[in-house]
Amino acid sequence: MDGDEEGLLNDVEVNGSWTPQEKALHEARLKAKAKRRVRRTSSRDSTRESLSDNGADLGGDPTSPKGKTNAGDRKSRMGKGRGLPKKGGAGGKGVWGAAGMVYEMEEPDAKDPNYDESSQGDTVYATVTPELDERELEKTVSPIVQEYFEHGDTKEVQMLLEGLNLGHNKYAVSSLAVSLSLEGKASHRELTSRLLSDMVGKVLTEKDMARAFDKMLADLPDLILDTPEAPQMLGQFIARAIADHALPMGFLDCYKGKVDCDHARAALDRAAVLLSMKTKMVRLDNVWGVGGGLSWKVGLVSFFMNLLLKEYLISGEVSEAERCLRDLEVPHFHHELVYEAVVMVLESKGESAISMMVKLLKAFWETGLITLDQMNRGFQRVYDELPEINLDVPHAHTIMESFVDLCYQESVITKQLRDACPSSRGRKRFVSEGDGGTIKQ
(Lines give C-alpha, C1' and ligand atoms only; values in the text may rest on other atoms or scores of the structure.)
Protein backbone atom coordinates (compact mmCIF):
# COMPACT_ATOMS: atom_id res chain seq x y z
CA MET A 1 0.00 0.00 0.00
CA ASP A 2 1.47 3.35 -1.02
CA GLY A 3 1.36 6.64 0.77
CA ASP A 4 -1.70 7.93 -1.06
CA GLU A 5 -3.81 4.92 -0.08
CA GLU A 6 -2.69 5.20 3.55
CA GLY A 7 -3.64 8.83 3.60
CA LEU A 8 -7.01 7.99 2.12
CA LEU A 9 -7.66 5.31 4.84
CA ASN A 10 -6.58 7.64 7.61
CA ASP A 11 -8.99 10.23 6.37
CA VAL A 12 -11.78 7.69 6.39
CA GLU A 13 -10.95 6.56 9.90
CA VAL A 14 -10.60 10.04 11.29
CA ASN A 15 -13.67 11.31 9.62
CA GLY A 16 -15.83 8.28 10.03
CA SER A 17 -18.45 10.47 11.54
CA TRP A 18 -18.80 12.76 8.36
CA THR A 19 -22.13 13.70 7.09
CA PRO A 20 -23.13 12.44 3.65
CA GLN A 21 -22.60 15.92 2.09
CA GLU A 22 -19.10 16.27 3.52
CA LYS A 23 -18.25 12.80 2.39
CA ALA A 24 -19.40 13.50 -1.24
CA LEU A 25 -17.40 16.73 -1.33
CA HIS A 26 -14.30 14.94 -0.07
CA GLU A 27 -14.61 12.25 -2.72
CA ALA A 28 -14.92 14.83 -5.48
CA ARG A 29 -11.72 16.46 -4.34
CA LEU A 30 -9.90 13.18 -4.37
CA LYS A 31 -11.05 12.41 -7.95
CA ALA A 32 -9.91 15.83 -9.21
CA LYS A 33 -6.53 15.35 -7.59
CA ALA A 34 -6.13 11.97 -9.23
CA LYS A 35 -6.96 13.40 -12.66
CA ARG A 36 -4.34 16.12 -12.32
CA ARG A 37 -1.78 13.52 -11.42
CA VAL A 38 -2.60 11.45 -14.55
CA ARG A 39 -2.29 14.50 -16.84
CA ARG A 40 1.15 15.41 -15.50
CA THR A 41 2.39 11.87 -16.02
CA SER A 42 1.16 11.65 -19.66
CA SER A 43 2.78 15.03 -20.53
CA ARG A 44 6.17 13.88 -19.19
CA ASP A 45 5.94 10.63 -21.17
CA SER A 46 5.21 12.41 -24.47
CA THR A 47 8.15 14.76 -23.89
CA ARG A 48 10.50 11.85 -23.35
CA GLU A 49 9.28 10.19 -26.58
CA SER A 50 9.86 13.33 -28.68
CA LEU A 51 13.33 13.74 -27.27
CA SER A 52 14.16 10.11 -28.01
CA ASP A 53 13.00 10.56 -31.62
CA ASN A 54 15.39 13.51 -32.04
CA GLY A 55 18.31 11.65 -30.46
CA ALA A 56 18.21 13.74 -27.34
CA ASP A 57 19.57 12.52 -24.04
CA LEU A 58 16.74 10.99 -21.96
CA GLY A 59 18.93 10.23 -18.99
CA GLY A 60 18.25 13.45 -17.20
CA ASP A 61 15.90 13.81 -14.32
CA PRO A 62 12.60 15.19 -15.51
CA THR A 63 12.05 16.78 -12.11
CA SER A 64 15.33 18.70 -12.30
CA PRO A 65 15.37 22.33 -13.55
CA LYS A 66 17.39 21.30 -16.59
CA GLY A 67 14.90 18.69 -17.61
CA LYS A 68 11.84 20.92 -17.31
CA THR A 69 10.30 22.52 -20.42
CA ASN A 70 10.76 26.28 -20.73
CA ALA A 71 7.42 28.00 -20.14
CA GLY A 72 8.33 30.74 -22.70
CA ASP A 73 9.28 28.24 -25.41
CA ARG A 74 7.07 28.80 -28.47
CA LYS A 75 7.92 25.41 -29.98
CA SER A 76 5.32 22.69 -30.10
CA ARG A 77 5.10 20.56 -26.94
CA MET A 78 2.92 17.96 -28.59
CA GLY A 79 5.79 16.43 -30.57
CA LYS A 80 4.12 17.18 -33.92
CA GLY A 81 6.36 20.04 -35.17
CA ARG A 82 9.85 19.92 -36.69
CA GLY A 83 11.28 22.18 -34.05
CA LEU A 84 11.94 25.00 -36.55
CA PRO A 85 11.18 28.70 -35.95
CA LYS A 86 7.94 30.12 -37.36
CA LYS A 87 8.05 31.36 -40.97
CA GLY A 88 11.65 30.30 -41.25
CA GLY A 89 12.76 33.02 -38.83
CA ALA A 90 11.16 35.74 -40.96
CA GLY A 91 8.12 36.30 -38.81
CA GLY A 92 7.39 37.90 -35.51
CA LYS A 93 7.03 41.35 -34.16
CA GLY A 94 9.54 43.88 -35.45
CA VAL A 95 11.00 41.45 -37.99
CA TRP A 96 11.55 42.73 -41.59
CA GLY A 97 12.05 39.30 -43.07
CA ALA A 98 14.61 36.56 -43.27
CA ALA A 99 18.30 37.42 -43.32
CA GLY A 100 19.64 38.06 -46.83
CA MET A 101 16.22 38.48 -48.39
CA VAL A 102 16.08 41.10 -51.20
CA TYR A 103 12.75 42.81 -51.80
CA GLU A 104 11.69 44.09 -55.25
CA MET A 105 10.41 47.62 -55.81
CA GLU A 106 6.64 47.71 -55.54
CA GLU A 107 4.57 50.23 -57.46
CA PRO A 108 2.46 52.42 -55.19
CA ASP A 109 -1.22 51.65 -55.29
CA ALA A 110 -3.43 54.71 -55.60
CA LYS A 111 -6.23 52.79 -53.90
CA ASP A 112 -4.12 52.14 -50.84
CA PRO A 113 -5.53 54.08 -47.83
CA ASN A 114 -1.96 55.10 -46.94
CA TYR A 115 -1.21 56.33 -50.50
CA ASP A 116 0.33 59.81 -50.43
CA GLU A 117 0.40 61.60 -53.76
CA SER A 118 2.86 64.27 -52.61
CA SER A 119 5.47 61.63 -51.70
CA GLN A 120 5.52 59.96 -55.12
CA GLY A 121 8.35 62.04 -56.61
CA ASP A 122 8.08 65.21 -58.70
CA THR A 123 4.51 66.10 -59.56
CA VAL A 124 4.01 67.67 -62.98
CA TYR A 125 1.03 69.97 -63.35
CA ALA A 126 -0.27 70.74 -66.85
CA THR A 127 -2.92 73.26 -67.83
CA VAL A 128 -5.64 71.67 -69.89
CA THR A 129 -7.31 74.17 -72.23
CA PRO A 130 -10.70 73.03 -73.50
CA GLU A 131 -11.27 73.08 -77.24
CA LEU A 132 -13.29 76.07 -78.44
CA ASP A 133 -16.46 75.40 -80.34
CA GLU A 134 -17.60 77.64 -83.19
CA ARG A 135 -19.53 80.07 -81.00
CA GLU A 136 -16.80 80.37 -78.36
CA LEU A 137 -14.16 80.79 -81.07
CA GLU A 138 -16.03 83.73 -82.60
CA LYS A 139 -16.50 85.32 -79.17
CA THR A 140 -12.80 84.91 -78.31
CA VAL A 141 -11.12 85.70 -81.63
CA SER A 142 -13.22 88.73 -82.66
CA PRO A 143 -11.68 91.06 -80.01
CA ILE A 144 -8.21 89.86 -81.01
CA VAL A 145 -8.84 90.78 -84.66
CA GLN A 146 -10.40 94.12 -83.73
CA GLU A 147 -7.34 95.01 -81.64
CA TYR A 148 -5.10 93.90 -84.50
CA PHE A 149 -6.78 96.49 -86.72
CA GLU A 150 -5.50 99.09 -84.26
CA HIS A 151 -1.89 97.98 -83.70
CA GLY A 152 -1.17 95.93 -86.89
CA ASP A 153 1.23 93.50 -85.16
CA THR A 154 0.77 90.02 -86.67
CA LYS A 155 3.18 88.41 -84.18
CA GLU A 156 1.00 89.43 -81.25
CA VAL A 157 -2.03 87.85 -82.94
CA GLN A 158 -0.09 84.63 -83.53
CA MET A 159 1.00 84.51 -79.89
CA LEU A 160 -2.58 84.96 -78.67
CA LEU A 161 -3.93 82.32 -81.05
CA GLU A 162 -1.26 79.80 -80.00
CA GLY A 163 -2.55 80.09 -76.43
CA LEU A 164 -5.99 78.90 -77.53
CA ASN A 165 -7.11 75.36 -78.23
CA LEU A 166 -8.65 76.01 -81.65
CA GLY A 167 -8.96 72.32 -82.48
CA HIS A 168 -10.56 71.39 -85.79
CA ASN A 169 -12.25 74.83 -86.02
CA LYS A 170 -9.01 76.77 -86.46
CA TYR A 171 -9.81 77.42 -90.13
CA ALA A 172 -12.63 79.72 -88.91
CA VAL A 173 -10.04 82.28 -87.78
CA SER A 174 -9.39 83.25 -91.41
CA SER A 175 -13.04 83.49 -92.39
CA LEU A 176 -13.81 85.52 -89.26
CA ALA A 177 -10.99 88.00 -89.95
CA VAL A 178 -12.11 88.45 -93.57
CA SER A 179 -15.76 88.91 -92.56
CA LEU A 180 -14.81 91.62 -90.06
CA SER A 181 -12.63 93.42 -92.60
CA LEU A 182 -15.42 93.45 -95.18
CA GLU A 183 -17.38 95.67 -92.84
CA GLY A 184 -14.37 97.90 -92.12
CA LYS A 185 -12.00 100.12 -94.03
CA ALA A 186 -9.55 99.43 -96.83
CA SER A 187 -6.73 99.51 -94.31
CA HIS A 188 -8.46 96.72 -92.37
CA ARG A 189 -8.60 94.57 -95.49
CA GLU A 190 -4.93 95.26 -96.18
CA LEU A 191 -4.03 94.25 -92.62
CA THR A 192 -6.17 91.13 -92.94
CA SER A 193 -4.34 90.08 -96.12
CA ARG A 194 -1.02 90.48 -94.30
CA LEU A 195 -2.33 88.49 -91.33
CA LEU A 196 -3.45 85.60 -93.54
CA SER A 197 -0.06 85.53 -95.23
CA ASP A 198 1.87 85.54 -91.94
CA MET A 199 -0.28 82.87 -90.27
CA VAL A 200 0.22 80.24 -92.98
CA GLY A 201 2.82 77.71 -91.84
CA LYS A 202 2.66 78.90 -88.22
CA VAL A 203 -0.92 78.83 -87.01
CA LEU A 204 -2.76 77.66 -90.14
CA THR A 205 -1.98 75.52 -93.16
CA GLU A 206 -2.86 76.05 -96.80
CA LYS A 207 -5.62 73.46 -96.41
CA ASP A 208 -7.09 75.43 -93.51
CA MET A 209 -6.96 78.59 -95.60
CA ALA A 210 -8.63 76.89 -98.57
CA ARG A 211 -11.33 75.52 -96.29
CA ALA A 212 -11.98 79.01 -94.93
CA PHE A 213 -12.38 80.53 -98.40
CA ASP A 214 -14.62 77.63 -99.43
CA LYS A 215 -16.89 78.49 -96.52
CA MET A 216 -16.91 82.20 -97.40
CA LEU A 217 -17.80 81.48 -101.02
CA ALA A 218 -20.72 79.39 -99.78
CA ASP A 219 -21.78 82.18 -97.37
CA LEU A 220 -21.70 84.95 -99.98
CA PRO A 221 -25.52 85.18 -100.25
CA ASP A 222 -25.56 86.12 -96.55
CA LEU A 223 -22.48 88.37 -96.68
CA ILE A 224 -23.88 90.39 -99.56
CA LEU A 225 -26.81 91.51 -97.40
CA ASP A 226 -24.48 93.60 -95.21
CA THR A 227 -21.76 94.27 -97.79
CA PRO A 228 -23.03 94.54 -101.39
CA GLU A 229 -19.45 94.60 -102.70
CA ALA A 230 -18.62 91.31 -100.92
CA PRO A 231 -18.12 89.24 -104.13
CA GLN A 232 -15.58 91.69 -105.58
CA MET A 233 -13.78 92.07 -102.24
CA LEU A 234 -13.67 88.33 -101.66
CA GLY A 235 -12.24 87.88 -105.15
CA GLN A 236 -9.51 90.36 -104.28
CA PHE A 237 -8.80 88.48 -101.06
CA ILE A 238 -8.49 85.22 -103.00
CA ALA A 239 -6.16 86.75 -105.59
CA ARG A 240 -3.99 88.38 -102.92
CA ALA A 241 -3.82 85.14 -100.91
CA ILE A 242 -2.72 83.16 -103.97
CA ALA A 243 -0.07 85.78 -104.78
CA ASP A 244 1.17 85.63 -101.17
CA HIS A 245 1.25 81.78 -101.30
CA ALA A 246 -1.35 81.59 -98.56
CA LEU A 247 -3.67 79.66 -100.89
CA PRO A 248 -2.69 76.82 -103.25
CA MET A 249 -2.05 77.91 -106.84
CA GLY A 250 -4.73 75.50 -108.07
CA PHE A 251 -7.47 76.87 -105.84
CA LEU A 252 -9.35 78.50 -108.75
CA ASP A 253 -9.01 75.40 -110.92
CA CYS A 254 -11.02 73.39 -108.39
CA TYR A 255 -14.07 75.55 -109.12
CA LYS A 256 -14.01 75.57 -112.92
CA GLY A 257 -17.41 74.52 -114.17
CA LYS A 258 -18.64 73.64 -110.68
CA VAL A 259 -20.08 76.95 -109.46
CA ASP A 260 -23.84 77.49 -109.49
CA CYS A 261 -24.02 80.61 -107.29
CA ASP A 262 -23.76 83.87 -109.25
CA HIS A 263 -22.08 85.66 -106.37
CA ALA A 264 -19.41 82.98 -105.98
CA ARG A 265 -18.83 83.02 -109.73
CA ALA A 266 -18.36 86.81 -109.63
CA ALA A 267 -15.80 86.50 -106.85
CA LEU A 268 -13.83 83.79 -108.66
CA ASP A 269 -13.92 85.76 -111.92
CA ARG A 270 -12.60 88.82 -110.11
CA ALA A 271 -9.72 86.80 -108.68
CA ALA A 272 -8.93 85.26 -112.08
CA VAL A 273 -8.83 88.70 -113.75
CA LEU A 274 -6.45 90.10 -111.15
CA LEU A 275 -4.13 87.12 -111.42
CA SER A 276 -4.06 87.32 -115.22
CA MET A 277 -2.89 90.94 -115.34
CA LYS A 278 0.63 91.52 -116.65
CA THR A 279 1.53 93.66 -113.65
CA LYS A 280 -0.25 91.31 -111.28
CA MET A 281 2.38 91.25 -108.54
CA VAL A 282 2.46 95.04 -108.16
CA ARG A 283 -1.28 95.25 -108.54
CA LEU A 284 -2.01 92.54 -105.99
CA ASP A 285 0.39 93.98 -103.45
CA ASN A 286 -1.61 97.20 -103.69
CA VAL A 287 -5.00 95.63 -104.24
CA TRP A 288 -6.49 97.43 -101.24
CA GLY A 289 -4.97 100.84 -101.96
CA VAL A 290 -2.50 102.52 -99.68
CA GLY A 291 -3.86 100.83 -96.58
CA GLY A 292 -3.86 103.89 -94.39
CA GLY A 293 -0.36 104.94 -95.40
CA LEU A 294 1.12 101.92 -93.64
CA SER A 295 3.40 100.79 -96.43
CA TRP A 296 2.95 103.12 -99.40
CA LYS A 297 5.47 105.62 -100.67
CA VAL A 298 4.69 109.22 -101.58
CA GLY A 299 5.10 108.58 -105.30
CA LEU A 300 2.59 105.77 -105.19
CA VAL A 301 0.04 107.91 -103.35
CA SER A 302 0.45 110.62 -105.99
CA PHE A 303 -0.07 108.04 -108.71
CA PHE A 304 -3.38 106.86 -107.25
CA MET A 305 -4.62 110.41 -106.68
CA ASN A 306 -3.75 111.35 -110.25
CA LEU A 307 -5.58 108.24 -111.47
CA LEU A 308 -8.57 109.14 -109.28
CA LEU A 309 -8.78 112.63 -110.86
CA LYS A 310 -8.50 111.30 -114.42
CA GLU A 311 -11.30 108.81 -113.81
CA TYR A 312 -13.41 111.63 -112.38
CA LEU A 313 -12.91 113.80 -115.46
CA ILE A 314 -14.12 110.90 -117.57
CA SER A 315 -17.07 109.75 -115.45
CA GLY A 316 -17.98 112.96 -113.61
CA GLU A 317 -19.09 110.96 -110.52
CA VAL A 318 -18.25 112.96 -107.43
CA SER A 319 -19.46 110.24 -105.06
CA GLU A 320 -17.12 107.64 -106.58
CA ALA A 321 -14.17 110.01 -106.36
CA GLU A 322 -15.04 110.73 -102.73
CA ARG A 323 -15.21 107.01 -101.94
CA CYS A 324 -11.84 106.35 -103.57
CA LEU A 325 -10.23 109.19 -101.63
CA ARG A 326 -11.64 107.91 -98.36
CA ASP A 327 -10.39 104.41 -99.13
CA LEU A 328 -6.85 105.75 -99.47
CA GLU A 329 -7.02 106.79 -95.80
CA VAL A 330 -4.32 109.43 -95.99
CA PRO A 331 -6.02 112.58 -94.62
CA HIS A 332 -2.63 114.08 -93.85
CA PHE A 333 -1.77 113.85 -97.56
CA HIS A 334 -4.93 115.35 -99.10
CA HIS A 335 -2.95 118.43 -100.09
CA GLU A 336 -1.44 116.22 -102.79
CA LEU A 337 -4.91 115.77 -104.32
CA VAL A 338 -5.45 119.54 -104.33
CA TYR A 339 -2.04 120.05 -105.95
CA GLU A 340 -2.69 117.41 -108.62
CA ALA A 341 -6.15 118.84 -109.32
CA VAL A 342 -4.84 122.40 -109.85
CA VAL A 343 -1.93 121.24 -112.03
CA MET A 344 -4.34 119.14 -114.10
CA VAL A 345 -6.50 122.25 -114.63
CA LEU A 346 -3.45 124.26 -115.78
CA GLU A 347 -2.46 121.53 -118.26
CA SER A 348 -5.99 121.05 -119.60
CA LYS A 349 -7.16 122.55 -122.88
CA GLY A 350 -10.84 123.06 -122.21
CA GLU A 351 -13.17 124.90 -119.88
CA SER A 352 -14.93 121.74 -118.75
CA ALA A 353 -11.93 120.60 -116.68
CA ILE A 354 -11.96 123.88 -114.73
CA SER A 355 -15.65 123.70 -113.84
CA MET A 356 -15.45 119.99 -112.94
CA MET A 357 -12.45 120.46 -110.65
CA VAL A 358 -14.14 123.38 -108.91
CA LYS A 359 -17.19 121.19 -108.38
CA LEU A 360 -15.06 118.34 -106.99
CA LEU A 361 -13.05 120.53 -104.60
CA LYS A 362 -16.25 122.20 -103.41
CA ALA A 363 -17.78 118.81 -102.64
CA PHE A 364 -14.68 117.72 -100.73
CA TRP A 365 -14.65 121.01 -98.84
CA GLU A 366 -18.32 120.90 -97.87
CA THR A 367 -18.14 117.30 -96.65
CA GLY A 368 -15.03 118.09 -94.61
CA LEU A 369 -12.99 115.49 -96.44
CA ILE A 370 -10.35 118.13 -97.26
CA THR A 371 -9.58 120.52 -94.41
CA LEU A 372 -8.69 124.19 -94.67
CA ASP A 373 -5.05 123.48 -93.91
CA GLN A 374 -4.80 120.83 -96.63
CA MET A 375 -6.58 123.07 -99.14
CA ASN A 376 -4.28 126.04 -98.44
CA ARG A 377 -1.21 123.84 -98.54
CA GLY A 378 -2.14 122.34 -101.91
CA PHE A 379 -2.76 125.77 -103.54
CA GLN A 380 0.41 127.22 -101.98
CA ARG A 381 2.50 124.42 -103.51
CA VAL A 382 1.15 125.38 -106.93
CA TYR A 383 1.88 129.06 -106.25
CA ASP A 384 5.50 128.22 -105.43
CA GLU A 385 6.00 126.08 -108.52
CA LEU A 386 4.06 128.31 -110.91
CA PRO A 387 7.19 129.85 -112.56
CA GLU A 388 8.43 126.36 -113.46
CA ILE A 389 4.99 125.27 -114.62
CA ASN A 390 4.77 128.37 -116.81
CA LEU A 391 7.74 127.11 -118.82
CA ASP A 392 5.68 124.18 -120.03
CA VAL A 393 2.30 125.95 -119.95
CA PRO A 394 2.74 129.55 -121.17
CA HIS A 395 -0.77 130.62 -120.14
CA ALA A 396 -0.43 129.07 -116.66
CA HIS A 397 -0.67 132.42 -114.84
CA THR A 398 -3.84 133.46 -116.65
CA ILE A 399 -5.51 130.08 -116.13
CA MET A 400 -4.45 130.09 -112.50
CA GLU A 401 -5.99 133.51 -111.87
CA SER A 402 -9.28 132.45 -113.45
CA PHE A 403 -9.37 129.17 -111.52
CA VAL A 404 -8.58 130.86 -108.19
CA ASP A 405 -11.30 133.46 -108.72
CA LEU A 406 -13.85 130.78 -109.54
CA CYS A 407 -12.86 128.76 -106.46
CA TYR A 408 -13.24 131.86 -104.29
CA GLN A 409 -16.71 132.54 -105.74
CA GLU A 410 -17.74 128.97 -104.83
CA SER A 411 -16.32 129.43 -101.30
CA VAL A 412 -13.72 126.74 -101.84
CA ILE A 413 -10.79 128.95 -100.76
CA THR A 414 -10.46 131.98 -98.55
CA LYS A 415 -9.92 135.57 -99.67
CA GLN A 416 -6.44 135.51 -98.17
CA LEU A 417 -5.50 132.50 -100.29
CA ARG A 418 -6.95 134.16 -103.40
CA ASP A 419 -4.93 137.32 -102.82
CA ALA A 420 -1.76 135.23 -102.39
CA CYS A 421 -2.03 134.02 -106.00
CA PRO A 422 0.93 135.31 -108.10
CA SER A 423 -0.17 137.94 -110.64
CA SER A 424 0.78 137.88 -114.28
CA ARG A 425 1.71 141.64 -114.13
CA GLY A 426 5.33 142.62 -114.11
CA ARG A 427 6.59 139.62 -116.07
CA LYS A 428 7.92 139.51 -119.64
CA ARG A 429 5.35 138.48 -122.19
CA PHE A 430 6.42 136.24 -125.03
CA VAL A 431 5.70 136.96 -128.71
CA SER A 432 3.77 133.75 -128.87
CA GLU A 433 1.25 135.22 -126.43
CA GLY A 434 0.15 137.76 -129.14
CA ASP A 435 1.07 141.09 -127.52
CA GLY A 436 4.26 141.77 -129.55
CA GLY A 437 6.58 140.97 -126.71
CA THR A 438 5.75 144.03 -124.67
CA ILE A 439 6.34 144.17 -120.95
CA LYS A 440 3.37 144.81 -118.74
CA GLN A 441 4.07 146.89 -115.68
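What the table shows:
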quantity: FRET efficiency, residue 155 to residue 349 (Cβ-Cβ, R0 51 Å, nearest 0.05); calculated: 0.45
quantity: Rounded to the nearest 10 Å², the accessible area of residue 371 at probe 1.4 Å; calculated: 70
quantity: Note, ³J(HN,Hα) from phi for the range 178-194, Karplus 6.51, -1.76, 1.60, rounded to Hz, x at Gly and Pro; calculated: 5, 4, 5, 6, 4, 8, x, 9, 5, 5, 5, 5, 5, 5, 5, 4, 5
quantity: Peptides 101-114, 150-163 ordered by average Cβ neighbours within 10 Å, highest first; calculated: 150-163, 101-114
quantity: Distant-in-sequence amide H partners of residue 200 (H built 1.01 Å from N, under 5 Å); calculated: none
quantity: Computed E for residue 116/residue 38 - FRET, C-beta separation, R0 51 angstrom, nearest 0.05; calculated: 0.25
quantity: Rounded FRET efficiency, nearest 0.05, which uses the C-beta distance separating residue 414 from residue 367 and R0 of 25 Å; calculated: 0.90
quantity: Global geometry of the range 147-205, whether rounded, prolate or oblate, following the gyration tensor of its Cα atoms and the 1.5 cut on a/c; calculated: prolate
quantity: In Å², nearest 10: area of residue 227 left accessible to a 1.4 Å probe; calculated: 10
quantity: Calculated from backbone phi, Karplus (6.51, -1.76, 1.60) coupling profile of the range 25-30 in Hz, x at Gly/Pro; calculated: 5, 5, 5, 4, 5, 5
quantity: Unsatisfied cross-links (Cα-Cα over 31 Å) in the set 139/185; 155/207; 155/185; 139/256; 349/415; calculated: 139/256
quantity: Order of exposure, largest accessible area first, which applies to 379, 303 with probe 1.4 Å; calculated: 303, 379
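The values are calculated or read from the model by the stated rules, or taken from the named source; none is laboratory data. All figures in this text were calculated on a predicted structure; none of them were measured in a lab. Methodologically, a virtual Cβ is constructed for each residue, glycine included, from the backbone with ideal geometry; neighbour enumeration extends over all protein chains shown. Heavy atoms of the whole protein, side chains included, go into the accessibility calculation; ligands, DNA and RNA do not. Shrake-Rupley method; radii C 1.70, N 1.55, O 1.52, S 1.80 Å.
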